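Here's the structure, in structure tokens; my notes come after.
Bear in mind these aren't lab numbers, they're just calculated from the coordinates by the rules spelled out. Just so it is clear, the structure is predicted and the values come from calculations on it, not from any experiment. Don't worry about glycine lacking a Cβ; one is built from the backbone with ideal geometry, like all the others, and counts go over all protein chains shown.
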Amino acid sequence: MIAAQVVDRYFFDQKINSFGTTMIKRPASHLFSKLESAGWWSGLFFRGLVGFKNVVSENENLTRENLRLLSQLADYEDLKNENDFLRKTLNIFPRFNNKIIYANIYQFQLGADGYDVLINEGADGGISEGDIVVTEEGVLIGRIEEALSNFSRVLIVSDTDFSVTAKVLNSDTAGIARGALAQGLYFDLIIQSDSIKEGDVVVSSGTDLIPPALIVGIVSYVETSETDLFKKVKIRPAMGEIKIGRVLIIRKNGGN
């Protein structure tokens, strides 16, 4: 009886081991062959591929549509900005008739010798050295220092090589505003008896080659003295108060 049980247990273990080995060696192929024979696996697999392809295609279409909408939005924003710019220039344009050229500042950085400012219009577009650069609000930015074929370099008001005859708005106080880099501008030739205070607006006087009534800046510092002939006056450039992008070039030759 015991011998029979031992024999049965031996053959049972052999069957289990054989079954386990078979499943370990080829479980996937065995299962897939059964599924394929029933036609279930192949149908599910190809339906999955088709579904995945459709999802990828839909995502690509959505991406293209989003890019198209973003492009339209960018065009709309650019057109709106240009319309706003042109509307603001209506107050300036009649003063200079056909002397104005529109341009954009594309580089504005401080270097060892001062600011390096470039605009995207040059001699080919009618710009020449000495032309005046302003914003649509009538703020003086500087003058054209060098005009190449398709771009120009601007000498801005705070550069040490820049100067403009100027006056206090609604006042007879006048002098010469000259660039002082980080200090803004110095307002020279203001005698002790001249009326001037911090917060006064300084505009171009038009007694040099720069047109009158362009906003130069705001008086930021006034120092009086009983021993000096002139007051020490500093101006904070108005161009520092605004966001510079599009600009107007006032041609000194009137476009002729």
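With the cut-off at under 14 Å, measuring from each backbone N in region 200-241 to a point 7 Å along the Cα-to-Cβ line of Ala174 picks out 203-214. Here the simple spin-label model places points 7 Å from the Cα toward Cβ, and for Tyr221 and Phe108 these points are separated by 2.3 nm.
Projecting the Cα atoms of Gln109, Val133, Ile196 onto the charge dipole of region 98-256, computed from C-beta unit charges around the Cα centre, puts Val133 farthest toward the positive end. Each Lys and Arg contributes +1 and each Asp and Glu -1, all at the Cβ; summed about the Cα centre of region 98-256, the dipole is approximately 300 debye. Just to verify a number: FRET efficiency for Ala123 and Asn59, C-beta to C-beta distance, R0 = 51 Å, to 0.05? It comes out at approximately 0.55. For region 177-208, the residues whose backbone nitrogen is under 17 Å from a point 7 Å from the Cα of Ile244, taken along Cα to Cβ, are 178-186, 204.
A DSSP coil position with no more than 13 other Cβ atoms inside 10 Å describes the following GluC sites (Glu not before Pro) in region 151-254: Glu198, Glu226. For region 133-140, 3J(HN,Hα) computed residue by residue from phi via the Karplus equation (6.51, -1.76, 1.60; θ = phi - 60°) reads 10, 9, 8, 5, 7, x, 8, 6 Hz, glycine and proline entered as x.
Of the peptides 121-127, 102-108, 136-142, the ranking by mean beta-carbon count within 10 Å, highest at the top, reads 136-142, 121-127, 102-108.
A convex hull fitted to the Cα coordinates of region 98-256 yields 105 cubic angstrom per residue.
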